[in-house]
1. Looking only at residues that are closer than 30 Å to GLU12 by Cβ and of a type outside the set (A, V, I, L, M, F, W, C) in segment 33-61, which one is modelled with the lowest pLDDT?
2. For segment 58-77, give me each residue that is touching a residue at least 24 places away in the same chain (Cβ under 8 Å) and surrounded by 13 or more Cβ atoms within 10 Å (Cβ to Cβ).
3. Restricting to segment 27-41, name every residue that is over 14 Å from PHE101 (Cα atoms) and surrounded by 17 or more Cβ atoms within 10 Å (Cβ to Cβ).
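The values are calculated or read from the model by the stated rules, or taken from the named source; none is laboratory data. Because the structure is predicted, anything quoted here is derived from the model rather than measured. In this analysis, Cβ positions are derived from the backbone assuming ideal geometry, glycine residues included, and neighbour counts consider all displayed protein chains.
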Amino acid sequence: MRTVTFSLSTRESVTRRALDAFSGKRRGSHISFASADLLWRVLTSKRWELLKVMTGGGAMTIREAARRAGRDVKAVHGDVHALLAAGVLRKNADGKIEFPFDAVHVDFLLKAA
């Protein structure tokens, strides 16, 4: 099972993970956000629902993603492009979109200000 972890990370932490990967240390797949505010701006409730229907679903067209989500194609198109820009989704060689993971783990700590 391919799991991705969404987390809050500093630039230094992301750089450390990248250097570990280059030296052969496997740490799993991560998509990091600089702040909780940014995470929630990117992963709106509609985009989260879209990721849920795409998880483990393989490559698909935007139209297919919209059908699975039960949403309007134009609205899904906008969400797909926001998720592509954030590096959450990717396009394959055929131009189809994909979220190449079977599971998502969200990892961050909420603490008093």
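1. SER35
2. Of everything in segment 58-77, those that are touching a residue at least 24 places away in the same chain (Cβ under 8 Å) and surrounded by 13 or more Cβ atoms within 10 Å (Cβ to Cβ) turn out to be ALA59, MET60, THR61, ILE62, ALA65, ARG71, ALA75, VAL76.
3. Scanning segment 27-41 gives SER32, PHE33, LEU39.
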